[in-house]
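Novice: Let me give you the structure first, and then I'll get to my questions.
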Amino acid sequence: MSQILDHIDNLKYASASDSLLLPPSKSRVREIKPVKIYYCYYGRNAWHSTWIRRYSPSCMHLSIDSAKHYAEQKRTQGSVFYIEELPALEINAGPYRVYITQINQNCPLREYRSQAVRSSVAVGKRKIDNAQNFYLKSGANIGSLLLSFSHDSRFWINTQPSSNSVMLLYTAENIEATPLKTTKLNVWKSQSLGKYYYLSWSFRKSRISQRSVLRLAKQSGFQRISG
């Protein structure tokens, strides 16, 4: 059972071949909760460097073991991998779950507001029919909710970068993600012990804050956050 998260854009291809996977425009929110996901990326040999992290297919995972396996598959001589725990909103759509997070941001989704901050949409955009000002609720249209996380939507205080920023992911696997709590998140760094050995991993506390994801989950009213 795969614990790799796929990009939401690929859901349209999956739903075309599986009648149970309704497209987001025809799906409704069943539950929203805060969880942890694992982001594996190749980087420089230094903790807490400030280079731009980039999204690549299969880099997001539901478990640390899956992320480590991904690194083993991608390793080359001299490569250094990092695995970050990222806070994410999990949106239960029934046959699949959507995960919303943000990379290259110390506090993911910090500038997103559950209530729209403007009535007008970005220049060149058209407001959807029956547009609402709040989508983090039971029964909300998944497609409309995802649009509210577009980089230039009226739910952001400021327009976000159009790439390598807001991540919309999904899985159709029935796997429980790790609940997100208020304890500090972790980041792991790989070290090679030689090509005939698995990568060794050291970890430390991350600078990533889960504060905004916990705030949005609480505002959705679905569950109380534990410590």
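The values are calculated or read from the model by the stated rules, or taken from the named source; none is laboratory data. Remember, predicted model here, so these are calculated numbers, not experimental data. Heads up, the Cβs are rebuilt from the backbone with ideal geometry, glycines too, and the neighbour counts pull from every protein chain shown.
Novice: Only one of (1) over 15 Å from the mean Cα position of the chain (by Cα); (2) outside any loop (DSSP other than H, G, I, E, B) fails for Tyr198. Which number is that?
Specialist: (2)
Novice: Answer yes or no as to whether Ile142 is of a type outside the set (D, E, K, R) and either surrounded by fewer than 16 Cβ atoms within 10 Å (Cβ to Cβ) or out of contact with any helix residue (DSSP H, G or I) (no Cβ under 9 Å at 6 or more places or on another chain) (or both).
Specialist: Judged against the criteria, Ile142 is not a match.
Novice: Exactly one condition in (1) without any contact (Cβ under 8 Å) to a residue 40 or more places away in the chain; (2) surrounded by 13 or more Cβ atoms within 10 Å (Cβ to Cβ) is false for Trp201; which is it?
Specialist: Trp201 satisfies all of (1) without any contact (Cβ under 8 Å) to a residue 40 or more places away in the chain; (2) surrounded by 13 or more Cβ atoms within 10 Å (Cβ to Cβ) except (1).
Novice: Is there any pair linking a residue in segment 148-170 that is in contact (Cβ under 8 Å) with a residue 40 or more places away in the chain and under 24 Å from Leu62 (Cα atoms) to one that is of a type in the set (Phe, Trp, Tyr) and in a strand (DSSP E or B), with Cβ under 6 Å and at least six apart or on different chains, and which?
Specialist: Leu169/Tyr99
Novice: Which residues, counting only those in segment 101-110, are touching a helix residue (DSSP H, G or I) at 6+ places or on another chain (Cβ under 8 Å) and surrounded by fewer than 23 Cβ atoms within 10 Å (Cβ to Cβ)?
Specialist: Cys107, Arg110, listed by residue number.
Novice: Going by what's in this entry, would Leu185 be described as in contact (Cβ under 8 Å) with a residue 24 or more places away in the chain, aliphatic (A, V, I, L, M), surrounded by 17 or more Cβ atoms within 10 Å (Cβ to Cβ) and touching a helix residue (DSSP H, G or I) at 6+ places or on another chain (Cβ under 8 Å)?
Specialist: no
Novice: Residues that are closer than 22 Å to Val117 by Cα, outside any loop (DSSP other than H, G, I, E, B) and either at pLDDT below 95 or not charged (D, E, K, R) (or both): does segment 154-166 have at least one?
Specialist: Yes, the conditions are met somewhere in segment 154-166.
Novice: Return the total of residues in segment 123-143 being within 17 Å of the chain's Cα centre (by Cα) and farther than 16 Å from Glu111 by Cβ.
Specialist: 2
Novice: While we're looking at this one, here's another question. For a quick check of your reading of the model, give me the residue pairs whose first member lies in segment 91-111 and is closer than 28 Å to Asp18 by Cβ and without any contact (Cβ under 8 Å) to a residue 24 or more places away in the chain, whose second is in a strand (DSSP E or B) and among the hydrophobic types (A, V, I, L, M, F, W, C), with beta-carbon atoms closer than 6 Å and at least 6 apart or on different chains.
Specialist: Pairs that qualify, where the first residue is closer than 28 Å to Asp18 by Cβ and without any contact (Cβ under 8 Å) to a residue 24 or more places away in the chain and the partner is in a strand (DSSP E or B) and among the hydrophobic types (A, V, I, L, M, F, W, C): there are none.
Novice: Another one. So, in segment 10-41, exactly how many residues are over 16 Å from the mean Cα position of the chain (by Cα), at pLDDT 90 or above and more than 20 Å from Leu89 (Cβ to Cβ)?
Specialist: Summing the residues that are over 16 Å from the mean Cα position of the chain (by Cα), at pLDDT 90 or above and more than 20 Å from Leu89 (Cβ to Cβ) in segment 10-41 gives 1.
Novice: Suppose we keep only residues that are part of a loop (DSSP other than H, G, I, E, B) and β-branched (Val, Ile, Thr) within segment 69-120. Which one would you say is nearest to Thr178 (Cα to Cα)?
Specialist: Restricting attention to segment 69-120, the residues satisfying the condition of being part of a loop (DSSP other than H, G, I, E, B) are 75-80, 93-96, 103-111, 113-114, 116-120.
If we keep only those that are β-branched (Val, Ile, Thr) too, we end up with 76, 80, 103, 117.
Numbers: Thr76: 30, Val80: 25, Ile103: 19, Val117: 31 Å.
Restricting to residues being part of a loop (DSSP other than H, G, I, E, B) and β-branched (Val, Ile, Thr), the top hit is Ile103.
Novice: Another question, then. Mind telling me which of the residues Lys137, Lys218 ends up being part of a helix (DSSP H, G or I) and either surrounded by 16 or more Cβ atoms within 10 Å (Cβ to Cβ) or not aliphatic (A, V, I, L, M) (or both)?
Specialist: Selected residue: Lys218, the only one of Lys137, Lys218 that is part of a helix (DSSP H, G or I) and either surrounded by 16 or more Cβ atoms within 10 Å (Cβ to Cβ) or not aliphatic (A, V, I, L, M) (or both).
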